[in-house]
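This report concerns only the one structure given below.
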Amino acid sequence: MPIVACPSEAFDDAWALVRRVFPRMGPIERLSHVMLRRPESFSARALMRAAGIRDLLAFDVELDERGRVLATGGLYRYRADADDASWLAWFCVAPEARRRGLGQAVLEHMERRAIGMGHTVLRLYTSTDANEAAAQRLYQKNGYVELARSDGLSVTTIFREKRLVPPTDPA
Ligand SMILES: CC(C)(COP(=O)(O)OP(=O)(O)OC[C@H]1O[C@@H](n2cnc3c(N)ncnc32)[C@H](O)[C@@H]1OP(=O)(O)O)[C@@H](O)C(=O)NCCC(=O)NCCS
């Protein structure tokens, strides 16, 4: 199935998947569904301001033939970034749908989305949580270089980035 902008009727399902896959989200991350659902609302704008987020660029999903959400991925930008980087977020595949190439497909899709918006860098943060070990392999395989680490109470946050290369015109 194609990867599409999350339809409003699939939003609850998509968010339930994100919550299931990332049970230890921080407070802003947990509230980010408010920003995704109604980005123009007062609450969403207040949250974005508090989190230093400039704007939300995408929240996309892969659905199965019955309309259930199999995977999610999103993009946003930070106010503090001096360059045109977008950040990958809410990126996950339902546990029962893993190891079938969906994660790779969603990652490539989000890269194409960022390139289409004229961005030349894609950044993300992940962590040493065992739940995110597969993602480290995926990111390494796809050329995401480690920028920095930040130690937390239970896990270390890992920042990565990739320089995006627009496809060359075949003509
Ligand atoms: C990371 C994640 C998105 C991968 O999704 P997926 O659909 O299983 O991935 P794919 O089938 O497309 O696999 C692509 C590559 O990822 C790596 N990978 C995926 N699962 C892996 C695993 N269990 N162990 C080791 N490497 C793994 C491999 O390099 C794989 O390439 P290969 O098949 O050629 O070996 C999924 O495991 C997930 O949702 N994890 C929890 C959430 C998360 O960590 N999100 C990102 C961090 S913020």
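Loop only by DSSP, 14 or fewer other Cβ within 10 Å of the Cβ. Give me the GluC sites (Glu not before Pro) in segment 13-93 that pass, ordered by residue number.
Sites meeting the loop and neighbour criteria: Glu40, Glu65.
Scan the chain and report its longest stretch carrying no trypsin sites (Lys or Arg not before Pro) that are both in a DSSP loop and have at most 16 other Cβ atoms within 10 Å.
The longest such stretch corresponds to 101-171.
Would you please give the FRET efficiency between Thr128 and Asp169, computed as 1/(1 + (r/R0)^6) with r the Cβ-Cβ distance and R0 = 35 Å, to the nearest 0.05?
0.30
As I understand it, the dipole of the chain uses +1 on the Cβ of Lys and Arg and -1 on the Cβ of Asp and Glu, about the Cα centre. Which of Leu57, Trp15, Asn142 lies farthest toward its positive end?
Trp15
Let me know the charge dipole size of the chain about its Cα centre in debye, to the nearest 20, where only the beta-carbon of Lys, Arg (+1) and Asp, Glu (-1) is charged.
300
So what's the projected area for the chain, the Cα convex hull averaged over all directions, in nm²?
10.9
Among rounded, prolate and oblate, which fits segment 21-106 when a ≥ b ≥ c are the square roots of the eigenvalues of its C-alpha gyration tensor, a/c under 1.5 means rounded, and a/b larger than b/c means prolate?
Note, shape of segment 21-106 comes out prolate.
Using helices alone, what [θ] at 222 nm do you get for the chain, with -39,500 (n - 2.57) per DSSP H run of 4 or more residues, divided over all residues and rounded to the nearest 500?
The helix contribution divided over the chain gives -10000 deg cm²/dmol.
Using the beta-carbon distance between Ser8 and Asp151 and R0 = 41 Å, what value does 1/(1 + (r/R0)^6) give for FRET efficiency, to the nearest 0.05?
0.55
Quick note: the coordinates plus some simple rules give every number you see, no bench work behind them. None of the values given here were measured: they were computed from a predicted structure. Heads up, the Cβs are rebuilt from the backbone with ideal geometry, glycines too, and the neighbour counts pull from every protein chain shown.
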